[in-house]
Amino acid sequence: MILKTAQIRNFKSINDSTEFTVDKRVTCLVGKNESGKTAILRSIGKLNSTEADAAEFDIFEYPRRYMMEYQQRAEAEPAEALTTTWALGPLDIEDLESVIGPAARQIQSIKIQKGYDNQVVFTFDVDETAVAQHVIDSFNLDRDDLRSVEGVTSLADLHRRLSDMEPRSDGLHRILDAVISNFQDFSAHQTVAHRLITRLPKFAYFSEYLRMPGQIAVNDLRARARTNRLDEGDKVFLALLETVGRSVDDLERIDQHEMLTAELEAASNRITQEVFQYWSQNQSLRVQFQLQRALPGDPAPFNEGWIIRTRIQNTRHGDSINFDERSTGFVWFFSFVIWFNQIRNNLGDNLFLLLDDPGLSLHANGQTDLLRYMEDKLAPNYQVMYTTHSPFMIDASKLHRVRTVENVFTQPREGEMPGAGPDQGTTPWATGSLAPIRRHFSRSKRHWPMRFPVPC
């Protein structure tokens, strides 16, 4: 399934983003701080998030200036939040065709919505009559049986007619069984919706702040994992553990520390090799792991139990430093590749990647490397949407992929108080507006508009 458009309403700072197009490969969102870029990513991710704690719209994410009023009617009138449109890919059509027949090829566009009731609603056109006829044609009925189902208009009609028919021939009985077993609620629409929701990509969100820490106190990590108090960096380290088939519970049996160290370094070497295909800044870096007993004099929580330390060695100079002390650019790139490999291994390739300010800490050359990684490794297999403030994270040859995110202010009408909210039919104070950034470029001179004065 390919995301074509999105529209966000009533979410955090966004009253109404207006509908904007999504590129079939990479979409880049640019705009000032607080314009709503992250809110757009987070809202879209809630359609089918990989994160359990980010998968639903919460009433406290409703725009604050209207929340008090909305709370009074939220249960009876849950607000809209996300509207998306999708196109089916060849595999999607093939899957649907195996159930509903040629009618699958007629499904041109699918609207999927989710609001504060967190119900996913599918809207699309499907020819119920054609699907019912396909089921009938799948069986070699004789002339009398065909006459019995002549003029059927839907699966529900077919089910009703066959259920009321006594006695039924073997052929008609097989058709009835097929309708009951293969079609949800005897409806082609419901059946298609149930199959599509299993084919909807998982939305994976990665932020600039997801970086693997340079040292991990095993006892502290286990305790925080049990109470669901893991921070963003912990998630990257646990992703690394998963790549070697280990879990945080395995760290309780850490007596075989040489084996664990060897496994981590083997995984690190594979990841490092992948990083260095695109990391042009320094090819002499290697990641090392050390498993050591804590020293009582060290600060808590690194003063008890086992400590896993990550270091980066520069083979050119022969020295090594703590992972946290290395340039944040390399740490981020390494952490991202760990996270991405773990997500892909766990969830497969049906992913939509949401990257929030990727490579913010990278040098301009490093950002160019990251763009190349996204183009070569990600875009051929996944849709990607990312935010950025950097002109170096924008491919000047693909400006059609860029959308600006800006706050648009509208003065209230005469006699109207601000804050009544869009749900009351008033003009909202602010809406997020997205438009292709190419509209803001001169054909004769390539330069940024005044509101984003950074040369590209």
(request) Return the total of residues in segment 157-199 being farther than 27 Å from Lys114 by Cα and among the hydrophobic types (A, V, I, L, M, F, W, C). (result) 9
(request) Those residues that are of a type outside the set (Gly, Ala, Ser) and not in a helix (DSSP H, G or I), I need them from segment 364-392; list them, please. (result) Pro380, Asn381, Tyr382, Gln383, Val384, Met385, Tyr386, Thr387, Thr388, His389
(request) Report those helices (runs of 4 or more DSSP H) wholly inside segment 30-144 carrying at least 3 residues which are surrounded by 14 or more Cβ atoms within 10 Å (Cβ to Cβ), among the aliphatic types (A, V, I, L, M) and over 27 Å from the mean Cα position of the chain (by Cα). (result) 128-137
(request) Name every residue in segment 209-226 that is surrounded by 18 or more Cβ atoms within 10 Å (Cβ to Cβ) and assigned to a loop (DSSP other than H, G, I, E, B), in order of residue number. (result) Leu210, Arg211, Met212, Pro213, Gly214
(request) Could you please find all residues in segment 186-208 being modelled with pLDDT under 90 and surrounded by fewer than 20 Cβ atoms within 10 Å (Cβ to Cβ)? (result) Ser207, Glu208
(message) Please count how many residues of segment 1-29 are more than 17 Å from Gln113 (Cα to Cα) and within 18 Å of the chain's Cα centre (by Cα).
(response) 7
(request) All but one of (1) in contact with a helix residue (DSSP H, G or I) (Cβ under 9 Å, 6 or more places away or on another chain); (2) under 27 Å from Val331 (Cα atoms); (3) assigned to a helix (DSSP H, G or I) hold for Phe203, so report the exception by its number. (result) (3)
(request) Please work out if Glu19 is surrounded by fewer than 22 Cβ atoms within 10 Å (Cβ to Cβ), acidic (Asp, Glu), without any contact (Cβ under 8 Å) to a residue 60 or more places away in the chain and over 26 Å from Gln367 (Cβ atoms). (result) no
(request) Evaluate the following for Val244: is it out of contact with any Pro (no Cβ under 9 Å at 6 or more places or on another chain) and closer than 30 Å to Glu263 by Cα? (result) yes
(request) Could you list, in sequence order, all residues of segment 310-335 that are in contact with a Phe, Trp or Tyr (Cβ under 7 Å, 6 or more places away or on another chain) and either assigned to a strand (DSSP E or B) or at pLDDT 85 or above (or both)? (result) Thr310, Arg311, Ile312
(message) Can you report the number of residues in segment 151-200 which are assigned to a helix (DSSP H, G or I) and in contact (Cβ under 8 Å) with a residue 60 or more places away in the chain?
(response) 10
(request) Would you tally the residues in segment 86-126 being in contact with a Pro (Cβ under 7 Å, 6 or more places away or on another chain) and either of a type in the set (Phe, Trp, Tyr) or modelled with pLDDT of 95 or more (or both)? (result) 1
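The values are calculated or read from the model by the stated rules, or taken from the named source; none is laboratory data. The structure displayed is predicted, hence computed values, not measured ones. Cβ sites come from the backbone with ideal geometry, for glycine too, and all protein chains shown count toward neighbours.
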